[in-house]
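Just so it is clear, none of the values below were taken in a lab; they were calculated from the coordinates. These numbers come from a predicted model, not from an experiment. Positions of Cβ are generated from backbone atoms using ideal geometry, with glycine treated the same way; all protein chains shown enter the neighbour counts.
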Amino acid sequence: MTLNKLKHTISIIVLLTFLISCNSKGTQDKDSQKKKSDLAFAMLPPDQELPKLEPSYIQAKKGEVDHFFKKYWKDDFDNVSFLVAKNGQIIYEKYDGYADKEHNVLNAPETPLHIASVSKVLTASAVLKLIDCGKIGLDQKLTSFFPGFPYPDVTIKTLLNHRSGIKKYGYFADDAAIWGRKKTLTDKDILDILIHKNIPLEYHTDSHFSYCNTNYVLLALVIEKVTGWKYAEAMKKIIFDPLEMTHTFVFDETTPKEKGTPSYKNNYWKFGFDFLDAVYGDKNIYSTPRDLLKFDLARNSPTFLSKKLLDQVFKGYSYESSGEKNYGLGIRLREWKTGETLFYHNGWWHGNTSSYITLRKEHAVIIALSNKFTHKTYMFKKLSALFGDYPFELDDEKED
């Protein structure tokens, strides 16, 4: 073989190797994407990015948020994980105070904090995905999931919108004749109590709104029943892993206590674990603002749910009493006469407080978490006025 022919042969071999390699990589990329979407009811990241913000816009909003933050969070508030973003881009974030004061560990962007009842938004999202792919029905009765369930009119919908009429488990579980405070309570225990301990309804199902943690405990058990996975594993497969929420997890009866970031009273007195601390669905998700930003982007993506179901999520269901406040399917609402609606959810458990404000129309989100008790976390919703026509006064120091 001549030198020229040898060079030509080598060139062909190199080219073929390159093409095979590219094709293989492409196949691997497709397989990787397919792997993420194999679960029909998984939440997936948005297909398209939102428009990039102008640097001048980011700078202006950053200044306004910083002014608000410094005005209200002074010496009396030093534990916070806080983020404001628009179009998926972080405008402002702040991490202050102790994740663990005893060991001098500071809060950081990677520190998972207990998000309390904001967990309900994630539980509801998993349930809605299961509804959207036909695994369960929005109007399906709980009696079809749990033999002996004593409330024949309770449905998935009346759990999601807090119209079930079921009593709050915290109001009866501490009774020693029913359960008591000496044994750790689990979700399954709550279901067993409802079935066997003759707990009456607080009011007739679907007659009016009453916020109730028991509703979301039952929704977590429905997730387990339908998927065959424990709630922690189901949430990991449906939401956390597909969205790469790497610092988010569920705390349940199998979780080592030291995994949970401590929470505190105002004087840094540490809350200990009590008999309700293993109950999940209504609470017990630990997360970070950055992870919740990923969740928010997916939840407001056009591919989150079919339009028919989505329209039922973001509307109020309780108009027996007049007022601005209402509740959709796993989300709180403020509805003003102007036609503007704010979607949000607050949380409180032990020393943990949380606020998740999702401005769907403006593609903005405000997330505030604290593991040192304060009501001021809930004031962050006023920042929505920086992005849309929401009737909040930024200089009003009253909690709204």
query = On full extension of the chain, what length is gained from ASN198 through GLU102, given 0.36 nm per residue of separation minus the C-alpha to C-alpha distance?
reply = 30.2 nm
note = Within the set LYS270, LYS52, LYS325, GNM on the chain using Cα springs under 10 Å gives the largest fluctuation to LYS52
Mean residue ellipticity (222 nm) of the chain, computed from DSSP H runs ≥ 4 via -39,500 (n - 2.57), nearest 500 = -9500 deg cm²/dmol
remark   = Label model pair SER306, GLU340: point-to-point distance (7 angstrom along the Cα→beta-carbon line) in nm is 3.4
query = Which distance in Å, rounded to a whole number, links the C-alpha centroids of segment 90-163 and segment 234-305?
reply = 9
Which label in (1) -0.52, -1.16; (2) -0.46, -1.31; (3) -0.62, -1.19 gives the computed log10 I(q)/I(0) by the Debye sum over Cα atoms at q = 0.08, 0.14 Å⁻¹ = (2)
request  = Sum up the charges of everything whose Cβ sits under 15 Å from the Cβ of TYR203, counting Lys and Arg as +1 and Asp and Glu as -1, but leave TYR203 out.
outcome  = -1
key: For segment 296-390, fraction of C-alpha pairs farther apart than 17 Å, in %   = 55
